[in-house]
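Following: one structure in structure tokens, then a few remarks.
The values are calculated or read from the model by the stated rules, or taken from the named source; none is laboratory data. Keep in mind the model is a prediction, meaning the values are calculated, not measured. Positions of Cβ are backbone-derived with ideal geometry, glycine not excepted, and every protein chain shown enters the neighbour counts.
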Amino acid sequence: MKPVRHLRISLLVLISTIGLGTLGYALIEGWSLFDALYMTVITLATVGFREVHPLTVHGRVFTVLLIVFGASTIAYTIGSLLQFMVEGQLRSILGRKKLAKEIGKLQNHYIICGYGRIGTLISSEFRSRPVPFVVVERDPEICQRLAAEGILFVEGDATDDEALIEAGIQRARGLITVVDSETANVYITLTARGLNPDLFILARCGEEGTEKKLIRAGANKVISPYKIGATRMAWAVLRPSVVDFIDIAVGSQNLELQLEEIRVAPGSTLVDKTLVSSGIRRDWGIMIIAIKKSDGQMMFNPEPTTVIEAEDVLITIGERPAIQNLEQVAAGG
């Protein structure tokens, strides 16, 4: 039996015992309900106070039965309460230690600040990849939901250094702040940039003018969900086929076609080869639609003679299994 249910049953039995004792004294001795209740309570508590009124023989027999049954009930209730408190505290302590241990093992992970509607969708996308991440959330009820879903989290305010340090910000690859407050997003960005100068920070922007503040605070990229949503709705009317193509290409569950970016490691066999000599299109059927160079320059629709360099990011489109094979080759595997 679960401790909570155990405690509820014991409290119900105790209340029922008090009620039956009160009713018994009222019927047997003819006392008022208050006197009967007082007699029941001091009898069950075994405090040794004198009787409210002299008892008859039937009243004394009832008192003996009430003491025997009541003492057992109180002992059962106290035991249930102690079990609930001890097991609850142990479970909480062990749960926090386990979380801290798992978070401590993470490297190059992402930190998501806020588990609202946008944070939930981002987490779902990360889990489908899978990509390691930690959620920082201060709402206890949401933290309980995260624990039930098996998601690593830190319960705390993301504007505090301690919460971000506990989430492993020094080892993190990036941070995404999507809390509802614009001011909080700015503070989180400032705090995160101070703790890890090399961290990639993506911030949510909801109001005009906040984007510049987030950039000055240290955000690498700022996104407005409202602006993206409005643009997407306009495209769905003006360019419906383009929107359908994007939905297919970026959908994480689609296996026929996948749009992906792949970074070329210095030790990869692709380095210093042209697109045509690398065999990417010939061997895997993957199209390179753009190349982002290490200096940030974006080359769209590159020529077959374009040379692949270390740290280039290949924007590719192809079947998911082929993309995965190319990722291994690009990583030097």
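Pairs meeting the criteria (first residue in the range 300-315 and without any contact (Cβ under 8 Å) to a residue 24 or more places away in the chain, second residue hydrophobic (A, V, I, L, M, F, W, C), beta carbons under 7 Å, at least 6 apart or on different chains) are Phe300/Ala290; Asn301/Ile289.
Taking every residue in the range 61-83 that is in the same structural domain as Met39 (by TED's automatic domain parsing) and under 18 Å from Leu12 (Cα atoms) and pairing it with any residue that is among the β-branched types (Val, Ile, Thr) and outside any helix (DSSP H, G or I), at least 6 positions away or on another chain, the pairs with Cβ-Cβ distances below 9 Å are Ile67/Thr46; Gly70/Thr46; Ala71/Thr46; Ile74/Thr46. Checked against the criterion of being at pLDDT 90 or above, assigned by TED's automatic domain parsing to the domain that holds Val222, of a type in the set (Phe, Trp, Tyr) and touching a strand residue (DSSP E or B) at 6+ places or on another chain (Cβ under 6 Å), the range 194-204 contains one or more residues that satisfy it. Scanning the range 300-323 for residues that are at pLDDT below 90 and surrounded by 14 or more Cβ atoms within 10 Å (Cβ to Cβ) yields a count of 6. Candidates Ile103, Ile142: the one that is surrounded by 12 or more Cβ atoms within 10 Å (Cβ to Cβ) and in contact with a helix residue (DSSP H, G or I) (Cβ under 8 Å, 6 or more places away or on another chain) is Ile103. Here is the figure for the range 278-333: residues that are under 12 Å from Ile262 (Cα atoms) and acidic (Asp, Glu) total 3.
When every residue of the range 230-244 is checked against the conditions, none turns out to be modelled with pLDDT of 90 or more and under 30 Å from Asp312 (Cα atoms).
Look at Phe245 and say whether it is without any contact (Cβ under 8 Å) to a residue 12 or more places away in the chain, aromatic (Phe, Trp, Tyr) and under 30 Å from Ala330 (Cβ atoms).
So Phe245 fits the description; yes.
Summed over the range 169-187, the residues that are small (Gly, Ala, Ser), within 15 Å of Gly156 (Cα to Cα) and either outside the structural domain of Leu214 (by TED's automatic domain parsing) or surrounded by 22 or more Cβ atoms within 10 Å (Cβ to Cβ) (or both) give a count of 0. Selection of the range 310-326 for residues being within 16 Å of Thr269 (Cβ to Cβ) and in contact with a strand residue (DSSP E or B) (Cβ under 9 Å, 6 or more places away or on another chain) yields Glu311, Asp312, Leu314, Leu326. Screening the candidates Val61, Val13, Val47 for the property of being hydrophobic (A, V, I, L, M, F, W, C) and in a loop (DSSP other than H, G, I, E, B) yields one hit, Val47.
Residue pairs whose Cβ atoms lie under 7 Å apart, separated by 6 or more positions or on different chains, with the first residue in the range 15-38 and charged (D, E, K, R) and the second modelled with pLDDT under 90 and assigned to a helix (DSSP H, G or I), are Glu29/Gly59.
For every residue, the table says whether it meets (1) surrounded by 14 or more Cβ atoms within 10 Å (Cβ to Cβ); (2) of a type in the set (A, V, I, L, M).
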{"site": "Thr189", "(1), (2)": "yes, no"}
{"site": "Arg193", "(1), (2)": "yes, no"}
{"site": "Ala217", "(1), (2)": "yes, yes"}
{"site": "Asn220", "(1), (2)": "yes, no"}
{"site": "Asp247", "(1), (2)": "no, no"}
{"site": "Leu259", "(1), (2)": "yes, yes"}
